[in-house]
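The values are calculated or read from the model by the stated rules, or taken from the named source; none is laboratory data. What you see is a predicted model, and the numbers here were worked out from it, not measured in a lab. Don't worry about glycine lacking a Cβ; one is built from the backbone with ideal geometry, like all the others, and counts go over all protein chains shown.
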Amino acid sequence: MKFIIAIIKPFKLDEVRDALGALGVAGMTVTEVKGFGRQKGQTEIYRGAEYTTNMLPKVKIEVAVSDALAPQVVETIQQVASTDAIGDGKIFVLDLASATRIRTGETGDTAL
């Protein structure tokens, strides 16, 4: 099993969720986060004053999937979340040692 973490632009969330649903991803966790990468924030003008925001709003998506589905999930997120602009985000793939469904006690892929 794989645990996939994707940090994307907030306005791309609905498109990514729909695309992953079409792949058969049963569930995900979504968190609103702030952060920065290579772009180191951005400069904005508010009421005539220029200021720098060093933490940009992003959305973190966490998905646990089977080993067989992981490459498709990564490719789908990359294609759907891309705007071809700086700050599109990152995707991290981690090995998932185990998963247990609390209600039934199922483990492994069946718990997903």
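Just give me the residues in segment 49-94 being acidic (Asp, Glu) and over 16 Å from the mean Cα position of the chain (by Cα), in sequence order. Correct list: 50, 67, 84. Looking across segment 80-99, the residues that are modelled with pLDDT of 95 or more and assigned to a strand (DSSP E or B) come down to 90, 91, 92, 93, 94, 95.
Here is a yes/no grid of residues against (1) surrounded by 13 or more Cβ atoms within 10 Å (Cβ to Cβ); (2) at pLDDT below 95; (3) within 22 Å of residue 10 (Cβ to Cβ):
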position	(1), (2), (3)
29	no, no, yes
39	no, yes, yes
46	no, yes, yes
55	no, yes, yes
74	yes, no, yes
78	yes, no, yes
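Would you point out the residue of segment 93-111, among those that are in contact with a strand residue (DSSP E or B) (Cβ under 7 Å, 6 or more places away or on another chain) and among the hydroxyl-bearing types (Ser, Thr, Tyr), that is nearest to residue 75 (Cα to Cα)? Taking the candidates together, the pick is 98.
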